[in-house]
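Worksheet for the structure shown next.
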Amino acid sequence: MSENVFAYVQPDGSWWINNTGLLMGRTGAVAIDSCSTERRTRAFLGAVGAVTERPVRTLVNTHHHGDHTHGNHLFGGATIVGHEQTRAQVLAAGKPNFPGIWTPVEWGEIELAPPFLTYTEGVTLWVDDLRCEVRHVGTPAHTTNDSIVWIPERSLLFSGDLLFHGGTPFLLMGSIAGAVQVCEEVLAPLGATTIVPGHGEPAGPSVIDDVLGYLRFVTDVAERGRAAGLTPLETARETDLGEYEGWLDAERIVGNLHRAYAELDGAERGAQIDVVAALRDMVEYNGGRPLSCYA
């Protein structure tokens, strides 16, 4: 990826299969996110051990979702850093329990280990002389607590799940309008030449435009469906996904429409909505079958 900076990319990047990062210093390493299951996190730690004997001293969580935090407890002795709401939401979400939503997953032994060094706006992390800016993006987007890790000297961005590459973005717990704002006003102005998305292969800056295109598509579909008196599920069933049909996890259109409808109805960005009902609608969109998960 770059000198002493590594991306750990997990194919195929679909449900619960995320990317992580590693920054190596002279006396220790920094990890960016853990993984969804015990097995996958141990595999990540094995990959870390293959490139350095130095301990992981710091673990940064980009947001609270379990595919980025369930393995935190396996980084024994590391300082876990995240936004204050990342800590709160890890604790609120608890251990994985999603009967009937996804195909069965062997989670392994999961212990909640939320960030215990938290910030409200951001913090500067130094890896030897390499400046790494950990920034909250300022508004709900993918979730209410998204942060990026920006390495200006390398023009390198770890975006967390603000960006997906080849997979469908998921805004059910965040904000469609907020995600548009973050792409336009936070991510694009950085001028990153290399981006490690939360899911999918590393990419160039065009991935920001790809995600923006999808977000605008969802907004347009939601406006038409709501005006026609259709539910999010009905609107999704009548929608031709067009250029986005081949993206992984296309059923996320339903959850995204639930969020878009809420915002059109006047809900604040990131306001709580019925997540379980939206997930069940996604299963219905999938023909009543649980959503495919290979984690």
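Assorted remarks:
- Between the listed residues Ala7, Gly94, Leu74, the Cα displaced farthest toward the positive end of the dipole of the chain, a dipole computed from Cβ unit charges relative to the Cα centre, is found at Leu74.
- Chymotrypsin sites (Phe, Trp or Tyr not before Pro) within the stretch 77-146: DSSP coil, no more than 11 neighbouring Cβ in 10 Å: Phe116
- Per-residue HN-Hα couplings for the stretch 246-251 [Karplus 6.51, -1.76, 1.60; θ = phi - 60°; Hz; x = Gly/Pro]: x, 6, 4, 6, 4, 4
- Rounded to the nearest 0.05, the FRET efficiency derived from the C-beta distance between Thr79 and Ala228 at R0 = 41 Å is 0.20.
- Debye-sum result for the chain in log10 I(q)/I(0), which assumes one identical scatterer on each alpha carbon, at q = 0.07, 0.11 Å⁻¹: -0.24, -0.60
- Net length gained if the chain between Ser206 and Val105 were fully extended (0.36 nm per residue, minus Cα distance): 33.1 nm
- Cα gyration tensor shape of the stretch 137-295, rounded if a/c is under 1.5, else prolate or oblate by comparing a/b with b/c: prolate
- Close amide H contacts of Tyr8 (hydrogens built in the peptide plane, cut-off under 5 Å, sequence separation of 5 or more or a different chain): Thr20, Gly21, Leu22.
- Rounded to the nearest 0.05, the FRET efficiency derived from the C-beta distance between Asn97 and Asp129 at R0 = 51 Å is 0.70.
- Sequentially through the stretch 156-166, phi angles give Karplus couplings (6.51, -1.76, 1.60; θ = phi - 60°) of 10, 10, 9, 8, x, 8, 5, 10, 10, 10, x Hz, Gly and Pro residues having no value and appearing as x.
- Potential lengthening between Thr120 and Ala271 on full extension [0.36 nm per residue; Cα-Cα distance subtracted]: 52.5 nm
- Residues whose amide H falls under 5 Å from that of Trp102, counting only those 5 or more places apart or on a different chain, are Leu291, with hydrogens built in the peptide plane.
- Overall form of the stretch 205-295 per C-alpha gyration tensor (a/c, 1.5; a/b vs b/c): rounded
- 14 Å beta-carbon shell around Gln89, net charge (K/R +1, D/E -1): -2
- Cβ-Cβ FRET estimate between Leu112 and Ala50, R0 fixed at 35 Å, reported to 0.05: 0.80
- Summed residue charge, Cβ within 13 Å of Asp209's Cβ, Lys/Arg positive, Asp/Glu negative: -2
- Amide H partners (placed H, <5 Å) of Thr79, local residues excluded: Thr58, Leu59
- Magnitude of the charge dipole for the chain, about its Cα centre and with charges confined to Cβ atoms of Lys, Arg (+1) and Asp, Glu (-1), is about 700 debye.
- Derived scalar couplings between HN and Hα for the stretch 252-261 equal 5, 3, 5, x, 5, 5, 4, 5, 5, 4 Hz in order, rounded to whole Hz, by the Karplus curve 6.51 cos²θ - 1.76 cosθ + 1.60 (θ = phi - 60°), x for Gly and Pro.
- Sorting the segments 152-161, 182-191, 252-261 by their residues' average number of neighbouring beta-carbon atoms within 10 angstrom, most packed first, yields 252-261, 152-161, 182-191.
- By the helix-only formula, in which each DSSP H run with n ≥ 4 contributes -39500 (n - 2.57) and the sum is divided by residues, the chain has a 222 nm mean residue ellipticity of -9000 deg cm²/dmol.
Every number here is computed from the coordinates shown, using simple stated rules; none is lab data. In this text the structure is predicted, and so the values were computed from the model without any measurement. Counting neighbours? That spans all protein chains shown, and the Cβs are built from the backbone with ideal geometry, glycine included.
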